[in-house]
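The structure under discussion appears below in the form of structure tokens.
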Amino acid sequence: MNYPNPFADAIDYQRMEQHYDQEALDSLNAISPMTRTQQPIVTGTSVLAVKYKDGIMMTTDCLASYGSLARFRNVERMLKVGDSTIIGASGDISDFQYITYLMDKLMTKEYNANNGQPLAPENIYEYLSQVMYQRRNKFDPLWNALVVGGFQDGKSFLGYVNLRGTTYQSETIATGYGAYIAQPLLRNAVEKRNGEPLTEEEAKKLLDDCMRVLFYRDARSLNKLQRATVTAAGVNISEPYSLETEWAFAENIRGYGA
Amino acid sequence: MSSIGTGYDLSSSTYSLDGRIFQVEYAMKAVDNSGLCIGVRAKDGVVLAISKLVHSKLLVPKSNKRIASVDQHIGMVCPGLVADGKALIKRARLEAQNYKDNYRLPISGKMIADRMGQFVQAYTLYSSVRPFGCSTLIATYDEVGPSLYMIDPSGVYWGYFGCAVGKNKQIAKAEIEKLKLKEITAREAVMEVARIIYSVMEDDIKDRDYEIEYTWICDESNKKHTEVPSDLVEEAEKKAKESLDDDDDDDDMDDDE
């Protein structure tokens, strides 16, 4: 590629600006900070998760969007890590695939070490949080919002970590549009129970209702979902399923039906 | 019995007059001093076992494992110098992960044996390093089925149905040859391996503290390298001890005649 020579006497800055964006110009200019900005390319939307009586339940849809194009419609955005943890990912899917590779490497090392006890959900969460924050500090983030959920030794675990390395743990977690639309619904359902955990059926209905609203309102969602549970019996990620939706109202609207 | 290698045995980079590299042969002697280690490749899996004489009552039982996992589908044990063995296991784990990084495929038995063989051989070339003082048994279960390889300190390796290393290995090998190795199942192999170790090591382990590790990779373990379940180990050791007593009784009966 023909880079302009910054030491040349006559540099046509006008012409240079036509070819190069601010990023490249900054890196040529030694005074500006080094930046490696990114943009997510193939992305997943919301991840929802709640703690319930037997453990935790997490839901994602099966869509990987390419901007506004619904490009890959059979994607698993939840990953099983060992027998007591799952990771749900939103954001850049290639970064999630890299995280999958890191998890495989981690679990192989643990298997070889033969430590007696498996890595707990909290341990995997801490490892991921460290990776995400360190990448953020290098200005080279993994462009994801991850939900780590698990159940071990009779205790549920639910944690969130994102591309900036921000972490939090809660009884209910939602990423993407879910954080705006579903989180209030999840919190309402859980917090008015005063510590009494949801049953499996209640958790299923709650998550399905939230995903239904998200399908109506999130323009980058798909009505093809997977539900995962982590309980004392282990990890179970369901086959894809669809929700019943109500679109008849569109018939009366000018431009859509009438 | 050993020939004197005066002058020709000081470094790996010197041949003797009759074309031998004495340092490598001396390394093999180091292996012969190890406790008996057996590998058996059965129809549906591979069994590894190593007997260890516990040299101090202060050691925590079952805490110092010699048989290691290298990725989930590979088991490895290095009878001989323990520290050399650990270095080899570390290298094998690196090779296996490196292969997976490149091809997203668990490394096959043939390939890991080759990589380790080449690695061991490299340490026989220079006077600045010494050869590894351990043999390496590698048990794997991949697409081609179960396989067992053994690498000796020279870097030479072969695929085996059954092999034995360490004290009393000749007697152990003779016993292994008697087995129908093409038909035996992994479960049966565990029983036979226990029997062989007990019968061969009988005099050495009498009145001494000892520990025997058994691991396998087979259909029953989902093609993963794991310790043989303790109930099977107990059954195998019980039967082994019983057959020892039977042999003793037979000996007594012969004396009466």
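Computed from the coordinates by the stated procedures, all read-outs in this text should not be read as laboratory data. All values reported here derive from a predicted model rather than from experimental measurement. For neighbour counting, all protein chains shown are included, and Cβ atoms are generated from backbone atoms with ideal geometry for every residue, glycine included.
Summary table below
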{"read-out": "Cα-based reach from residue B:239 at 23 Å (exclusive), listing lysines while leaving out same-chain residues under 8 positions away", "value": "B:43, B:52, B:62, B:167, B:169, B:173, B:178, B:180, B:182, B:206"}
{"read-out": "Helical mean residue ellipticity (222 nm; -39500 (n - 2.57) per DSSP H run of 4+; nearest 500) of the protein assembly as shown", "value": "-12000 deg cm²/dmol"}
{"read-out": "Per-selection metrics, segment B:126-257 (Cα): Rg and Dmax in Å", "value": "17.3, 62"}
{"read-out": "Cα→Cβ-extended label distance, 7 Å offset, between residue B:143 and residue A:127, nm", "value": "2.8 nm"}
{"read-out": "Projected area averaged over orientations for chain A, convex hull of C-alpha atoms, nm²", "value": "20.0 nm²"}
{"read-out": "Largest-first principal axis extents of the Cα set of the protein assembly as shown (Å)", "value": "110, 73, 43"}
{"read-out": "Relative contact order %, chain B, counting alpha carbon pairs below 8 Å whose residues are six or more apart", "value": "26 percent"}
{"read-out": "Using a Förster distance of 60 Å, the FRET efficiency for residue B:58-residue A:248 (Cβ separation, nearest 0.05)", "value": "0.15"}
{"read-out": "Förster radius 56 Å - calculated FRET efficiency between residue B:183 and residue A:72, Cβ distance, rounded to 0.05", "value": "0.70"}
{"read-out": "Folded to 0 to 90 degrees: helix A:178-191 orientation relative to chain A principal axis, Cα", "value": "30 degrees"}
{"read-out": "Acute angle (nearest 10 degrees) that the helix A:121-137 long axis makes with the longest principal axis of chain A, alpha-carbon atoms", "value": "20 degrees"}
{"read-out": "Cβ-isolated cysteines (cut-off 4.7 Å), the protein assembly as shown", "value": "A:62, A:210, B:37, B:163, B:218"}
{"read-out": "Pairwise centroid distance, computed over Cα atoms, of segment B:1-63 with segment B:212-251, Å", "value": "24 Å"}
{"read-out": "Between segment B:84-112 and segment A:177-207, the Cα center-to-center distance that results, in Å", "value": "46 Å"}
{"read-out": "P(r), alpha carbons of segment A:171-241 - 10 Å bins starting at zero, rounded %", "value": "18, 49, 30, 3"}
{"read-out": "Extension gain from residue B:171 to residue B:230, taking 0.36 nm per residue of separation minus the Cα-Cα distance", "value": "18.6 nm"}
{"read-out": "Surface/4 of the Cα convex hull for chain B, nm²", "value": "16.6 nm²"}
{"read-out": "Whole-number Å³ per residue for the convex hull built on Cα positions in segment B:96-192", "value": "119 Å³"}
{"read-out": "Segment B:139-211 versus segment A:107-167: alpha-carbon centroid distance in Å", "value": "41 Å"}
{"read-out": "Nearest 10 degrees, 0 to 90: helix A:200-217 Cα axis against chain A principal axis", "value": "40 degrees"}
{"read-out": "Amide hydrogen neighbours beyond the local backbone of residue B:44, cut-off 5 Å, H modeled", "value": "B:186"}
{"read-out": "Pairwise label distance in nanometres, residue A:233 with residue B:202, each label 7 Å out on the Cα-Cβ vector", "value": "5.2 nm"}
{"read-out": "Residue-wise HN-Hα coupling along segment A:138-149, computed from phi with Karplus coefficients 6.51, -1.76, 1.60 (Hz; x: Gly, Pro)", "value": "8, 6, 9, x, 8, 7, 9, 10, 10, 10, 9, x"}
